[in-house]
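The structure under discussion appears below in the form of structure tokens.
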């Protein structure tokens, strides 16, 4: 039986979303009621659509009963995670052909690697790239000659963008197909150690590059539990990816058969009349949030999941996530929330184990449909294995392979989820608690204010930050500069914390999905450029951050604080393509509303 608090939160989301969800479903039903589009098209339209097909596929597509599957791919060679999609394209098309359908590469979407742009100018395009991907997905599907879709994407903004775009074509079924993580390189602990040594000037650039190259060394997703791997977990929780399929390495013998099975499912779903809109409802969104909390997933999804929900006419809030966190325990520890990487997590039981244990204890909606034949999740959660060159599904193990990585709900790492809603006189934001030790979750210290992350790093290198303080990095919100991740601050703050100083970060920007041991109240809303009180904080103001209670306060008399002027935002460079995204800054909504340029309401 589903936990009462989960039912309560789900019901209030349904009630709050009544008008917007009805409007979304009306658009979807308008397309669904028209029926298959190809029969209504002119011969010229059809001829253009199939001109490049081989004779066999042309003949198939002349039959109105043939399922034509659109493939939308985020392939490029820059992303290690997406490099396998190059050869996977032909493999998936062949699997669709063998199943009696036709598959067409409908379009590619841009896909940037946040690992490459982290701390660089290009990171200011990162968040906005999500909405560009959503629009590009819409362009790819606008040819309107398809009965189903397959989505190739794994990484940070890419999965949310693909999903948002596909939801605009929610009258069709869609299946996500992952490529899997790269094999394990050096340990995450060793990687973090070298980063901190470099921040202290105790390791050379050559040392750092050698370490990083051992960590990121082959095709596949990065092996830490950041946004990319959180994406994969959430897709399984929502039923949009085959159970247990996310973390099979690209070169594993099981990878291709599982991918082929996913391709076949797209045809089965289309023939059975399943649609994306039916799969992504309020319960599926709640499941995604629960998965995020139970595994200590990326804070980026406190923005992305809200935007995804809105694309489906569903209004999710940080308060909903916080209330779910009170009854969803943390049952997984994967770096940066532990020492294990995603491969160790998978071998210990992985997403299937987490889902089954959540279902057992009523912490997940089991009636959400899955792309595996459209059956409810509670009927299909299993682990794929290879037998006689075919995929079969085996029951999830009753016990974890490693209790230091995954645990049952009845024996969690902590009784609540890995997220805290922070509120106070500078606004509201979120803080990832899963990687922060309890001793570091409460801090009262003077603020040190910066308008740019590089200014803080300069102060650190000059020895000006060897003290207790709360770093306030403002003018980093979506309206100010696209809300870049501030992950390159992590090593320096980690060094200071290791030296015994009590430190924390407060910002209207983002941290990486790999944000870790230093408490960071992020996504502060309203942002400084939007009149937010974070812009009124001054160096020397006493601040209180309490992740246990959600308190985030500047300890200044209210009258004095409100009388302060917010300074002018620093001038921004518009190089590296940033000039093209200035219109987005005027359109973008608040982080608490998904930081999207779309008005889904």
Next on the checklist: Quick test for you: out of 7, 28, 13, 46, pick the one residue that is surrounded by fewer than 16 Cβ atoms within 10 Å (Cβ to Cβ) and assigned to a helix (DSSP H, G or I).
Outcome noted: 7
Checklist entry - Which members of the stretch 502-518 meet the condition of being modelled with pLDDT of 95 or more and in contact with a helix residue (DSSP H, G or I) (Cβ under 6 Å, 6 or more places away or on another chain)? => result 503, 508
Next on the checklist: Residue pairs, Cβ under 7 Å, 6 or more apart or interchain, first in the stretch 394-408 and over 16 Å from residue 346 (Cβ atoms), second part of a loop (DSSP other than H, G, I, E, B). List them.
Outcome noted: 395/382; 408/331
Checklist outcome for this item: Scanning the stretch 472-529 for residues that are crowded, with 23+ Cβ neighbours inside 10 Å and at positive phi gives 475, 482, 483, 523
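Here is a yes/no grid of residues against (1) touching a strand residue (DSSP E or B) at 6+ places or on another chain (Cβ under 9 Å); (2) at pLDDT 95 or above:
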position	(1), (2)
564	no, yes
577	no, no
585	no, no
590	yes, yes
594	no, yes
Item to check | Among residues of the stretch 26-77, those that are at positive phi and within 32 Å of the chain's Cα centre (by Cα), counted | outcome: 0
Next on the checklist: Among the listed residues 516, 494, 500, identify the single one that is farther than 25 Å from residue 567 by Cβ, outside any loop (DSSP other than H, G, I, E, B) and not assigned by TED's automatic domain parsing to the domain that holds residue 189.
Outcome noted: 494
Item to check | helices (runs of 4 or more DSSP H) wholly inside the stretch 130-247 containing at least 2 residues that are buried (at least 24 other Cβ atoms within 10 Å of the Cβ) | outcome: 158-167, 227-237
Item to check | Options 427, 417, 401: the member that is surrounded by 15 or more Cβ atoms within 10 Å (Cβ to Cβ), at pLDDT below 95 and in contact with a helix residue (DSSP H, G or I) (Cβ under 7 Å, 6 or more places away or on another chain) | outcome: 417
Next on the checklist: For the stretch 551-578, give me each residue that is out of contact with any helix residue (DSSP H, G or I) (no Cβ under 8 Å at 6 or more places or on another chain), outside any loop (DSSP other than H, G, I, E, B) and surrounded by 12 or more Cβ atoms within 10 Å (Cβ to Cβ).
Outcome noted: 551, 552, 553
Next on the checklist: Looking only at the stretch 274-299, filter to residues that are at pLDDT 95 or above and part of a loop (DSSP other than H, G, I, E, B); which one of those is surrounded by the most Cβ atoms within 10 Å (Cβ to Cβ)?
Outcome noted: 280
Next on the checklist: Out of the strands (runs of 3 or more DSSP E) lying entirely within the stretch 376-457, which hold 3 or more residues that are within 30 Å of residue 357 (Cα to Cα)?
Outcome noted: 383-387, 390-394, 419-424, 427-432
Next on the checklist: Within the stretch 537-550, does at least one residue satisfy the condition of being surrounded by fewer than 23 Cβ atoms within 10 Å (Cβ to Cβ), in a loop (DSSP other than H, G, I, E, B) and at positive phi?
Outcome noted: yes
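The values are calculated or read from the model by the stated rules, or taken from the named source; none is laboratory data. Computed from a predicted structure; not experimentally measured. Note that each Cβ is placed from the backbone with ideal geometry, even for glycine, and that neighbours are counted across all protein chains shown.
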